[in-house]
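To start, the structure under review is shown below, and the notes come after it.
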Amino acid sequence: MAFFKAGSRTFHYSDRTIGTGPTLVLANSLGTDFRIWDPLLPKLEGIGRIVRYDKRGHGLTDMSEPPYSIQDLSSDLKAIVDHVGLDHFLLGGVSIGGMIAQDFAARYPKQVDVLVCMDTAPKIGEAALWQERIDAITTNGLESIADGVMERWFSADFRKNNPAATAGWRNLLARTTQAGYLGCCAAIRDADLTEATLSLTVPTLVLCGAEDGATPPALVKAMADAMKNASYVEVPDAGHIPSLEQPDFLADAMNRFFKENGFT
């Protein structure tokens, strides 16, 4: 486990050198920590270094009082890559992590060699729906939404065939700091990255689980279709977090994309 302090907050991150290829930085989803990437990492080819981190209020990273903005969260990512000494890298993110990646690439385009956006969009849902979720959690706690979230995170077959894993990821969600979760909900509620994302020219791979109940494939594909230099891949038999359900398929798509762009 590795930690560092940026301002008043302590961040938890992982920095693994495994070869001589390019560096890949990964940003995780709402209500998770960087362990969601564990099944994917051994299947990636030609990557020399992998940096992952727990975003604000998640995992072992300090929270701050909500609300947050996507810009706050991408500034946290900037602090992390500066801390580990990265001038440029491959950047991937899922869900809110994908929004963070989009915003970072728009703000710091010279640092991002390629972008991988998974189960995300420049704008996710309407503000009123996010406010309803914030209000429900404020009143009843994260436990009250956990079962519904599992239905969006995972396909029906995964939940049926992997009850222990589903229960474990449910525990992770329910034990996330409430302030951190609500802060990130507010960031998604208030974010519309459409203008910035559609201006990106960096090569981008956009993926979505075919059974994603949080960011449906039509929404995610529309993002790819509207971008200047993006391709879309649908991940079969997967919900909102493909790295947990279909790591082989996800790795194959990422490996092919990195190779096509000369990075592995």
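Quick one: grab the alpha carbon gyration tensor of the chain, order the square roots of its eigenvalues as a ≥ b ≥ c, and give me rounded if a/c is under 1.5, else prolate or oblate depending on whether a/b is larger than b/c. Rounded. Cβ crowding within 10 Å ranks Arg107, Arg49, Arg56 as Arg107, Arg49, Arg56, fewest other Cβ atoms first. Report P(r) for the range 1-125: all Cα-Cα distances, bin width 5 Å, range 0 to the bin holding the largest distance, values in whole percent. P(r) for the range 1-125, in whole percents per bin: 2, 11, 23, 26, 22, 12, 3, 1, 0. At an R0 of 45 angstrom, the distance between the Cβ atoms of Glu143 and Asn229 translates into a FRET efficiency of 0.60.
Between Arg175 and Leu60, the distance separating the two model label sites (each 7 Å from Cα on the Cα→Cβ line) works out to 1.3 nm.
Local charge for Ser64 was computed over the other residues whose Cβ lies under 12 Å away, with Lys and Arg +1 and Asp and Glu -1, and equals -1. Listed by chain and number, the lysines whose C-alpha is less than 22 Å from the C-alpha of Lys228, apart from same-chain residues fewer than 8 away, are Lys110, Lys123, Lys259.
Mind giving me the nanometre distance, one decimal, between the label points for Ser14 and Glu132, set 7 Å out from Cα along Cα→Cβ? Going from the Ser14 label point to the Glu132 one covers 3.6 nm. A simple rule links phi to the HN-Hα coupling: the Karplus curve 6.51 cos²θ - 1.76 cosθ + 1.60 with θ = phi - 60°, which for the range 23-32 gives 9, 10, 10, 10, 10, 8, 8, 5, x, 10 Hz, with x for Gly and Pro. Per-residue 3J(HN,Hα) values for the range 176-192, derived from phi via the Karplus relation 6.51 cos²θ - 1.76 cosθ + 1.60 with θ = phi - 60°, read 4, 4, 4, 4, x, 5, 5, x, 6, 4, 5, 4, 5, 3, 8, 8, 9 Hz in sequence order (x marks Gly and Pro).
For the range 64-179, taking the reciprocal of the average inverse distance between every pair of different Cα atoms yields a Kirkwood hydrodynamic radius of 16.2 Å.
Using Cβ counts within 10 Å as a stand-in for footprinting exposure, how do Tyr68, Tyr232, Tyr108, Tyr13 rank, fewest first?
Ordered by Cβ neighbours within 10 Å, fewest first: Tyr108, Tyr232, Tyr13, Tyr68.
Footprinting exposure proxy ranking of Leu115, Leu219, Leu193, fewest other C-beta atoms within 10 angstrom first, gives Leu219, Leu193, Leu115. Calculated mean residue ellipticity, 222 nm, the chain: -12500 deg cm²/dmol, from DSSP H runs (n ≥ 4) at -39500 (n - 2.57) each, averaged per residue and rounded to 500. Note on Asn161 and Ala79: the extension gain reaches 25.5 nm, defined as 0.36 nm multiplied by sequence separation minus the Cα-Cα distance.
All of the numbers you see were taken from the coordinates with simple rules; none came from a lab. On a predicted model such as this, the values are computed, not experimentally measured, just so you know. Cβ sites come from the backbone with ideal geometry, for glycine too, and all protein chains shown count toward neighbours.
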